[in-house]
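The values are calculated or read from the model by the stated rules, or taken from the named source; none is laboratory data. Keep in mind that this is a model prediction, so the values were computed, not measured. No Cβ is skipped: glycine too gets one built from the backbone with ideal geometry, and neighbour counts run over all protein chains shown.
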Amino acid sequence: MNYRWGALIGALALIAGGQARAAVPMFLPDHDIAGTYRLSQPGKPATTWRVRYSAGAEVARARSLDGAAAGTVILLNMRSRDALIVLDQMHAVVAVPGVGAVLNRVLTGDGARFTRLGAAQVAGRACTRYLVLKRGATGSVCLTRHGVLLAGQGHDRQGAVRITALSVQNAAQPAGAFEPPAGYSQVSLPPAMLAQLLGTAG
C-alpha cells in the first residue's frame, strides 16, 4: 500500500474518530455528520471527498467527487478495522490490504502528543487547533468540541498530507449508506491494479 493510499485512509480515519490522549478533550464525533473534504499532497492533484459518518455504528463512507478515482466509494469500519472499496464499474467490492495496521496507528494515537494551540474557524465552524508530535512525524489538527475534524495536516519521511473541511453538516445517517450494494461480488486485486483504479499509482 503506497503512501498516498495510506494517507487517504489515515485522513478518513481521522474524520471518523480515534482514541484521544489526555490533552485532547474529544477525538470522536458524538453525532452523525456529512461533510465535504479536500485532500492534498505535494506534487499530486488535490481531490474532493464526500464523507458520511455514523456515530452509533462507528462507520464511515467516503465518495470521491473528482480526479482519477471519481465515483469510487470507500467504506471504513472503525470497530473491525476493515476498509472496503466499492467499484461500480466492476460491480465488485474489494477489501483493502494492510489497512488494519494504518487504522490501528490512527485510532490508538500511535504515541502522539497533543498540545493545544488556540481557537480557529474552518468551514464556518469553531474548532481548537492542536500540535501533534510523535517520533519521526509532526502535524496539527483542528477539532470541534464535539470531536469533528475540520482540518489536519502532517508529514513524515514518506511524505505529507493535508485535509480541510469545505462544509460539514449535522445529519442523521441511514444504516444502509454504509453497506456494500446488494449483489456485488467480493474480489481480490493486485495492489498495483488497485492503486491504478484509485488514481493513487506513482
- [ ] State whether one or more residues within region 14-34 are surrounded by fewer than 18 Cβ atoms within 10 Å (Cβ to Cβ), over 19 Å from V132 (Cα atoms), at pLDDT 60 or above and among the β-branched types (V, I, T).
- [x] no
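Using the structure shown, decide if L8 is hydrophobic (A, V, I, L, M, F, W, C), out of contact with any His (no Cβ under 8 Å at 6 or more places or on another chain), at pLDDT below 85 and crowded, with 21+ Cβ neighbours inside 10 Å. Full working, then the answer.
Values: hydrophobic (A, V, I, L, M, F, W, C): yes; out of contact with any His (no Cβ under 8 Å at 6 or more places or on another chain): yes; at pLDDT below 85: yes; crowded, with 21+ Cβ neighbours inside 10 Å: yes.
Spelling it out, L8 is indeed hydrophobic (A, V, I, L, M, F, W, C), out of contact with any His (no Cβ under 8 Å at 6 or more places or on another chain), at pLDDT below 85 and crowded, with 21+ Cβ neighbours inside 10 Å.
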Task: Complete set of residues in region 30-63 that are within 12 Å of the chain's Cα centre (by Cα) and among the small types (G, A, S) - done: G35, A60, A62
Open item on the list: So L194 passes all but one of these: (1) part of a strand (DSSP E or B); (2) at pLDDT below 85. Which condition number does it fail?
Closed with: (1)
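To keep it simple, each residue is scored yes or no on (1) modelled with pLDDT under 90; (2) among the acidic types (D, E); (3) within 15 Å of E179 (Cβ to Cβ).
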{"position": "W49", "(1), (2), (3)": "no, no, no"}
{"position": "V59", "(1), (2), (3)": "no, no, yes"}
{"position": "A95", "(1), (2), (3)": "yes, no, yes"}
{"position": "D110", "(1), (2), (3)": "yes, yes, no"}
{"position": "F114", "(1), (2), (3)": "yes, no, no"}
{"position": "L133", "(1), (2), (3)": "yes, no, no"}
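Collect the residues in region 130-164 that are charged (D, E, K, R), surrounded by fewer than 17 Cβ atoms within 10 Å (Cβ to Cβ) and over 23 Å from E58 (Cβ atoms), keeping them in residue-number order. Reasoning before the result, please.
Narrowing region 130-164 to residues charged (D, E, K, R): 134-135, 145, 156-157, 162.
Keeping just the survivors that are surrounded by fewer than 17 Cβ atoms within 10 Å (Cβ to Cβ) gives 134-135, 145, 156-157.
Correct list: K134, R135, D156, R157.
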TODO: Return a yes/no flag: does region 47-70 have any residue that is assigned to a loop (DSSP other than H, G, I, E, B), in contact with a Lys or Arg (Cβ under 9 Å, 6 or more places away or on another chain) and crowded, with 19+ Cβ neighbours inside 10 Å.
DONE: no
- [ ] Check whether at least one residue in region 73-93 is buried (at least 20 other Cβ atoms within 10 Å of the Cβ), of a type in the set (S, T, N, Q) and modelled with pLDDT of 85 or more, and report yes or no.
- [x] no
